[in-house]
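Nothing in this text is a laboratory measurement; each read-out follows from the coordinates by a stated rule. Bear in mind that the values here come from a model prediction, so they are computed numbers and not experimental data. Glycine also receives a Cβ, built like all others from the backbone with ideal geometry; neighbour counts cover every protein chain displayed.
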Amino acid sequence: MSRKAPNGSPAGGTVAVADPYAPQSGDPGYRVREYRLSLRYKVATNRLDGEATILAKALTPLRSVQLDLVGLTASRVKVDGAHPARYQQDQRRLTIRLPREVEAGQRFEVQVRYGGSPQPRNSRWGRVGWEELDDGVLVASQPVGAPTWFPCNDRVADKARYRIELTTEEAYTVIAPGTLKGRTSGSGRTTWTYVEEIPTATYLVSVHIGRYRSDPLAKPAVGALHYPAELRSAARATAPKLPAMVDLFQRCFGPYPLDRYDMVVTPDRLEIPLEAQGMATFGANHLDGSWESDRLIAHELAHQWFGNSVGLSRWRDIWLNEGFACYAEWLWSQASGGLSTHQQAKQHWTRIAALPQDLVLSDPGPDLMFDDRVYKRGALTLHALRRVTGDETFFKTLRTWTAEHAHTTATTGDFIALAERVAGWRLGGLFTAWLDQPELPRLPRRSEG
Ligand SMILES: [Zn+2]
């Protein structure tokens, strides 16, 4: 690497650094504006070939850039459309030498031709990324799986637009984030073109390839319920609840932030459902009409506001995604005639009070990032805030949060500052107790005012 030290403040403000929770991912020296992926995939042989064009902007002066790419081989790299550029590839990334120094603030373009048999990568969070199903594919990348199918700057804070063109056998449906702009068939293959104009984090770019039927969904936006024919009745039984859920969340959180919402039910059983941009993925085992399946539907829908629209600047603030999505489950519980939100909170408080109190919510560490206590204590933190500030101020805080940080990224500090501004008084003590100390605080009494 021959990168020069940053010379003063780079374009866009503070100097970006590697995310301490995923230090081997991403290159903080630049931001991506847009990915253009042109891919050919054979389901029968799990063979992926393609070309990725990455439109980027330097944040520091650059002589070389890195792109994450795992398990696939680059065969040619070009910079700014010129002659093939020099590059090196190791197990995790491509290091590309730029033909000329790129100044901070300058735009540049990298084109990578690549291919191979994609598969999930091993990570401390398990196997993530492109995954073959019995008859198709799903992509579940959170948090570091995106490089298993396209070369990228795999940073949670680096949101970009996407154009994804994917050609595969015509028996399969392809579902990707954004709007379907084209679908053309010939010689037994179909090319699907999706365009996502809303800035999207790499881990939220999912692809589904399968033998899916699709029913349009009326709410929250354009979108569809996709399911294998054999799961038709179970999948369809869930759709009627969605409009009421959307109405509730729009009242509580503000307008639905994306252009579409797709629910995908895979033919395979999955360990957990997962959110993606404008999309949620459920396994065949997740939709049985029970409270457990309803809460998962609510949780993934709520991520469209918390995580997908208001994104993370760094992984340590993951409670801003998971605590909020979990609180949405408790709101839905009350609205749908189940336990009240307060009963849910008390029940979960009692449960996690019996667990080891060795987790600091504002910095749980990478190994505990997806620990259930992050979800539940995160939701309890919001409930505590609501008890102290009252319903009106609390929901105004949530709506202001989603409005002011829509389609960008934010930190815990940003949330505290905003909550204090909306409430009109200091809440530092409350947040310190819930976020920065391992002991579980008691739920506060409800404010009178
Ligand atoms: Zn979640």
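What is the distance in Å between the Cα centroid of the stretch 135-174 and that of the stretch 257-303?
18 Å
Please give, to one decimal in nm, the separation of the simple spin-label points placed at E34 and E132, each 7 Å out from Cα toward the Cβ.
The two pseudo-label positions are separated by 3.4 nm.
Excluding A224 itself, calculate the net charge of residues whose Cβ lies under 9 Å from the Cβ of A224, where each Lys or Arg counts +1 and each Asp or Glu counts -1.
-1
Taking K and R as +1 and D and E as -1, what net charge do the other residues with C-beta under 10 Å from the C-beta of Q111 add up to?
Charge balance near Q111 sits at +1.
Can you give me the relative contact order of the stretch 1-211 as a percent, contacts being Cα pairs under 8 Å and 6 or more apart?
This gives 21 percent for the stretch 1-211.
Percent of Cα-Cα pairs more than 11 Å apart in the stretch 191-231, please.
Here the long-distance tail beyond 11 Å is 77 percent of all Cα pairs in the stretch 191-231.
Averaging sequence separations of C-alpha pairs under 8 Å and six or more residues apart, then dividing by the length of the stretch 311-436, give the relative contact order as a whole percent.
Across the stretch 311-436, relative contact order equals 35 percent.
Give, in whole angstrom and from largest to smallest, the semi-axes √(5λ) of the equivalent ellipsoid of the stretch 368-409, with λ running over the eigenvalues of the Cα gyration tensor.
One finds semi-axes of 21, 17, 5 Å for the stretch 368-409.
I need the semi-axes of the equivalent ellipsoid of the stretch 212-304: take the C-alpha gyration tensor, multiply each eigenvalue by 5, square-root it, list largest first in whole angstrom.
With the √(5λ) rule applied to the stretch 212-304, the semi-axes are 20, 14, 12 Å.
How compact is the stretch 1-211 by the rule of thumb for globular proteins, expressed as Cα Rg over 2.2 N^0.38 Å?
Normalised Rg, Cα atoms only: 1.00.
Can you list which of the GluC sites (Glu not before Pro) found in the stretch 78-125 are DSSP loop residues with at most 16 other C-beta atoms within 10 Å?
E103
What do you get for GluC sites (Glu not before Pro) in the stretch 256-302 restricted to DSSP loop and a cutoff of at most 13 other Cβ within 10 Å of the site's Cβ?
Those satisfying the criteria are E271.
Along the stretch 151-161, what does the Karplus equation 6.51 cos²θ - 1.76 cosθ + 1.60 (θ = phi - 60°) give for ³J(HN,Hα), rounded to whole Hz, x for Gly and Pro?
Listing the rounded values in order: x, 8, 8, 7, 10, 4, 7, 8, 8, 9, 8 Hz.
Please arrange R189, R377 by how many other C-beta atoms lie within 10 Å of their C-beta, fewest to most.
R189, R377
At R236 and D372, where each label point lies 7 Å from the Cα along Cα→Cβ, what is the point-to-point distance in nanometres?
Computed distance between label sites R236 and D372 equals 3.5 nm.
Averaging the inverse of every distinct alpha carbon separation and then flipping it gives the Kirkwood radius. What is it for the stretch 264-397, in angstrom units?
Averaging 1/r across every pair of different Cα atoms and inverting gives 15.5 Å.
Modelling each spin label as a point 7 Å along the Cα-to-Cβ direction, I'd like the D436/W291 distance in nm, to one decimal.
3.6 nm
In Å and on Cα atoms, what radius of gyration and Dmax does the stretch 29-89 show?
Computed over the Cα atoms of the stretch 29-89, radius of gyration and Dmax are 13.4, 44 Å.
Could you work out [θ]222 nm for the chain from helices alone, using -39500 (n - 2.57) per DSSP H run of at least four and dividing by all its residues? Round to the nearest 500 deg cm²/dmol.
Helix contribution divided over all residues of the chain: -7500 deg cm²/dmol.
Please compute the contact order of the chain in relative form: average sequence separation of alpha-carbon pairs under 8 Å and at least six residues apart, divided by the residue count, as a percent.
11 percent
Throw me the Rg/Rh for the stretch 65-177, computed over C-alpha atoms with Kirkwood Rh, two decimals.
My calculation of the ratio gives 0.98.
From the P(r) of the chain, can you give the percent of Cα pairs sitting at distances over 30 Å?
45 percent
Which FRET efficiency value, to the nearest 0.05, is calculated for K42 and V360 with the Förster distance at 51 angstrom and r the Cβ-Cβ distance?
Step by step, r from the Cβ atoms, then E = 0.65.
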